[in-house]
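The values are calculated or read from the model by the stated rules, or taken from the named source; none is laboratory data. These numbers come from a predicted model, not from an experiment. Please note: Cβ atoms are built from the backbone with ideal geometry, for glycine as well, and neighbour counts cover all protein chains shown. Side chains are part of the model used for accessible areas, which takes the heavy atoms of the whole protein and leaves out ligands, DNA and RNA. Shrake-Rupley method; radii C 1.70, N 1.55, O 1.52, S 1.80 Å.
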Amino acid sequence: MLTQQLETLIENLMRRHNVPILYPGEFGYKMLAARLIKKEVNHWLKSNGATPDVTVEIVRCWFYRKFPSWVIAVLNSGDK
């Protein structure tokens with residue numbers, strides 16, 4: 001289950017990337033969000049000297065388990 005904070009971060013991410021704004025429960029929400037989160041996290045990893053290796057499948061798994069706190073921090077840092 002997504003928290004309100006994470007839903008807001010994902011909505012802001014969609015706005016930043018100029019894609020249609022989808023909301024939890026809408027068709028394609030998780031796939032679109034996973035692609036954008038993957039792109040954002042891999043960009044952050046690359047800009048910090050790490051090898052980007054986050055896949056869409058990994059991000060989709062986070063939807064069913066729990067998003068790591070470092071991912072939420074990355075999304076928060078890009079939100080400013």
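What to note about this one:
- Residue list for region 19-29, restricted to those being open to solvent by less than 70 Å² (accessible area, probe 1.4 Å) and within 19 Å of I72 (Cβ to Cβ): P24, Y29
- Filtered residues of region 4-23 (kept if under 18 Å from K38 (Cβ atoms), of a type outside the set (V, I, T) and in a helix (DSSP H, G or I)): L6, E7, L9, E11, N12, L13, M14, R15, R16
- The C-beta contact set for region 45-67 (first residue more than 12 Å from M31 (Cα to Cα), second residue among the polar types (S, T, N, Q), distance under 7 angstrom, 6+ apart or interchain) comprises P52/N42; V54/N42.
- Being assigned to a loop (DSSP other than H, G, I, E, B) and on the phi < 0 side of the Ramachandran plot is a property that K39 lacks.
- Any hit, region 30-38, residues being over 12 Å from the mean Cα position of the chain (by Cα), surrounded by 15 or more Cβ atoms within 10 Å (Cβ to Cβ) and not hydroxyl-bearing (S, T, Y): no
- Tally of residues being open to solvent by 60 Å² or more (accessible area, probe 1.4 Å), closer than 20 Å to S77 by Cα and assigned to a helix (DSSP H, G or I) across region 47-66: 1
- Condition broken by R16, with the remaining ones in (1) under 13 Å from the mean Cα position of the chain (by Cα); (2) open to solvent by 70 Å² or more (accessible area, probe 1.4 Å); (3) without any contact (Cβ under 8 Å) to a residue 40 or more places away in the chain satisfied: (3)
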